[in-house]
Every structure is written in structure tokens, then in C-alpha cells.
Amino acid sequence: MSKYIEHEGTIVAHTAPHKYAVKIVQQSACATCKAASLCTVAESKEKIIDAETDDTTLSIGDNVIVYARTTMGYKALVLAIIIPLFIAIGTLLIVSQFITNELTTGLLTLCVLIPYYIVLWLMRKRLEQQFIFYIKQKI
């Protein structure tokens, strides 16, 4: 298994010393299918990612490889999906013991996730420092 997650991209801006804005095209698995042009399910999205490099020869328009450690992907998975899942299941089990109305129980379970995502949003600057992407020249 690879230690890095990689995507091809194009440099669109020089944002700071050793930092570039890179446009990548994120594709669903079926977007690479030969029948994707006939299918309405296939999708792709363009995203702009800030990435760092020590390479001083890069310029706007260069094709590059954006990469990050796979551990960063696992950390994002835990923060965005696993922790909220456990919070929701725990809340559902506790609230269902005290409230018999299923609609109210479900709404309370969903509402308890709002503070969690607000805290994540408030910590976005700190998280940005931990989630760092790098670029290298495409060979």
C-alpha cells in the first residue's frame, strides 16, 4: 500500500513563498469508465488546493502531482465520519431511553451533531496546519 495519496493537477496561482494554488479534477470511480459519456451518474469536480513545495522552478500552468500522506486521509475520515457516527449512535441510544417519540429522538440525534461541526469549523485554522498538501513536478 502506498504511503501517499496522489492527484494530478495544474498550478493556477503562486500564493506565497513556496506555496501554490493547484487545480485538481476529482473524479468519481465511474467517471473514468468508457461509457461515462452516456451515463448520467458519472461526475467530476474541480477543486483548488493550497500546496507547498521547495521546487523553485515551478510556474503557473505547470502540470504537477499533488500528494499527501495516507495518514492524513485516515485522520480526515475519523474527524468527518467516524466520530460523528459514534456521537449520533450514542445520542440515539441515550435519548431513546427517555423519549418515546421517534421523530423527536431522530431530530435530537441530528441536532447534537451541530455543535460538533461548529467546533470543527472554529478549529479550521488549526486543522489547516495539520492537513498539508505538497506538490512535485510531474515527470
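What follows is calculated from the coordinates using simple rules that are stated; it is not laboratory data. No experiment lies behind these values; they were computed from the predicted model shown. Heads up, the Cβs are rebuilt from the backbone with ideal geometry, glycines too, and the neighbour counts pull from every protein chain shown.
Length gain on complete extension for the stretch Ile114 to Phe86, per 0.36 nm per residue less the alpha carbon to alpha carbon distance?
Contour length minus the Cα-Cα distance gives 8.7 nm.
Lys125 versus Ser59, label points 7 Å from Cα toward the beta carbon: distance in nm?
3.5 nm
Using only Cα atoms, find the angle between the long axis of helix 102-111 and the longest principal axis of the chain, and express it within 0 to 90 degrees, rounded to the nearest 10.
Computed tilt is about 40 degrees.
Select from Ile114, Ile99, Ile60 the residue whose mean-square fluctuation is largest in a Gaussian network model of the chain (Cα-Cα springs shorter than 10 Å).
Ile99
Run the helix sum for the chain: -39,500 (n - 2.57) per DSSP H stretch of 4+ residues, divided by residue count, reported at 222 nm to the nearest 500 deg cm²/dmol.
Taken over the chain, the calculation gives -11000 deg cm²/dmol.
Can you match Rg and Dmax of the Cα atoms in Å to one of these, [x] 20.2, 65; [y] 15.4, 46; [z] 14.1, 47, based on a calculation from the structure here?
[x]
What is the spin-label model distance, in nm, from Ala76 to Lys3 if the labels are put 7 Å beyond Cα along the C-beta direction?
Rounded to a tenth, the inter-label distance reads 2.0 nm.
If you build a Gaussian network model of the chain, linking Cα atoms that sit under 10 Å apart, which residue out of Thr53, Thr91, Thr104 swings the most?
Largest GNM mean-square fluctuation: Thr104.
Name the residue, out of Glu52, Glu128, Glu102, whose mean-square fluctuation peaks in a Gaussian network model built on the chain with Cα pairs under 10 Å.
Comparing Glu52, Glu128, Glu102 in a Gaussian network model of the chain, the most mobile one is Glu102.
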